[in-house]
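The values are calculated or read from the model by the stated rules, or taken from the named source; none is laboratory data. Quantities reported herein were computed from a predicted structural model and do not represent experimental measurements. Backbone-built Cβ (ideal geometry, glycine too); neighbour counts: all protein chains shown. Note: accessible area is taken over every heavy atom of the protein model, side chains too, but ligands, DNA and RNA are not part of it. Shrake-Rupley method; radii C 1.70, N 1.55, O 1.52, S 1.80 Å.
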Amino acid sequence: VFNGREAFISLENADSDIGLCGWILVLFSILLTLLTLPLSIWMCIKIVKEYERAIIFRLGRILRGGAKGPGLFFILPCTDSFINVDMRTITFDIPPQEVLTKDSVTVSVDGVVYYRVQNATLAVANITNADAATRLLAQTTLRNVLGTKNLAEILSDREEIAHSMQSTLDDATDDWGIKVERVEIKDVKLPLQLQRAMAAEAEATREARAKVIAAEGEMNASRALKEASLVIAESPSALQLRYLQTLNTIAAEKNSTIIFPLPIDMMQSFVKH
């Protein structure tokens, strides 16, 4: 039940610097509330949800004790006003930012930021619009952090860059009552000409590696052929067996033409005659 005792308990929490005129207005508001019961109770009792906090202003000053809620809380009509602050985690996308890297390459980078209001009183009293300020600060922080990195570092060290951004944003928004929970780099877009140059470089690197591998294969094959020729030279019948094996392989493929090699010594004997 609403009574004067609750009004004075709430009054004790008010800032003591409201002055004499302020106290007169507050007492008049309490008296008016008591005279208009029970109709005034609907103007004095407010409700905030589980994920909200209420900042109460009495004659323009924030009541001592900080934010109220969740649940029911009491205000005085005419002299008190309040602002609800959402305490849930908020996400927003950082628009693509054109960034000049440390090695003079222009890239377009975007990201996402997760933050929440940690101190509702600071979020209301210290800044006009905490959400808009956090968004603008995230854009400038992204450009500043990426401006100190090379292109290779941006492409390979995204987690480190995101952690650096999160720490910088969290420190900068601490006075606003904002807690930056997480920052993620979504996409890094390179200029079309740079993409073609990087693709050509990668293709040339792969071709060079393939040529080296092929050369190493040829070298190993020549060594094996050399060893085989030494073995065949030790036994003349081995060459004949290899020849017969080759004819067997050709015949298995159903070829109509078979080439018979003739030894050079035989040809020289015919030339002499």
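Details
- Out of ILE30, ILE24, ILE47, one residue alone is open to solvent by less than 60 Å² (accessible area, probe 1.4 Å) and not assigned by the TED database to the domain that holds ASP131. It is ILE30.
- Qualifying residue in region 164-179 (condition: open to solvent by 50 Å² or more (accessible area, probe 1.4 Å), in contact with a Gly (Cβ under 7 Å, 6 or more places away or on another chain) and either assigned by the TED database to the domain that holds LEU63 or not in a helix (DSSP H, G or I) (or both)): no
- Among the residues making up region 132-157, those that are out of contact with any helix residue (DSSP H, G or I) (no Cβ under 9 Å at 6 or more places or on another chain), open to solvent by less than 80 Å² (accessible area, probe 1.4 Å) and assigned to a helix (DSSP H, G or I) are ALA132, GLN139, THR140, ALA152, LEU155.
- Here is the figure for region 163-189: residues that are closer than 19 Å to THR101 by Cβ and either over 17 Å from the mean Cα position of the chain (by Cα) or hydroxyl-bearing (Ser, Thr, Tyr) (or both) total 2.
- Within region 154-188, tally of residues that are of a type outside the set (Lys, Arg) and in contact (Cβ under 8 Å) with a residue 24 or more places away in the chain: 20
- Near pairs, Cβ below 7 angstrom, 6+ apart or cross-chain, from region 135-153 (among the polar types (S, T, N, Q)) to any residue that is outside any helix (DSSP H, G or I): GLN139/ILE94; GLN139/PRO95; GLN139/GLN97; THR148/LYS102; ASN150/THR101; ASN150/LYS102; ASN150/ASP103
- Residue match in region 87-102 (condition: open to solvent by less than 70 Å² (accessible area, probe 1.4 Å) and of a type in the set (D, E, K, R)): no
- Consider region 180-205 and keep the residues that are open to solvent by less than 40 Å² (accessible area, probe 1.4 Å) and β-branched (Val, Ile, Thr). The one that is modelled with the lowest pLDDT is VAL188.
- Scanning region 60-74 for residues that are in contact with a Ser or Thr (Cβ under 7 Å, 6 or more places away or on another chain) and surrounded by 20 or more Cβ atoms within 10 Å (Cβ to Cβ) yields a single hit, ALA67.
- Search result, residues across region 103-115 that are among the hydroxyl-bearing types (Ser, Thr, Tyr) and surrounded by 18 or more Cβ atoms within 10 Å (Cβ to Cβ): TYR115
- Residue count for region 97-111, restricted to those that are touching a Ser or Thr at 6+ places or on another chain (Cβ under 6 Å) and at pLDDT 90 or above: 0
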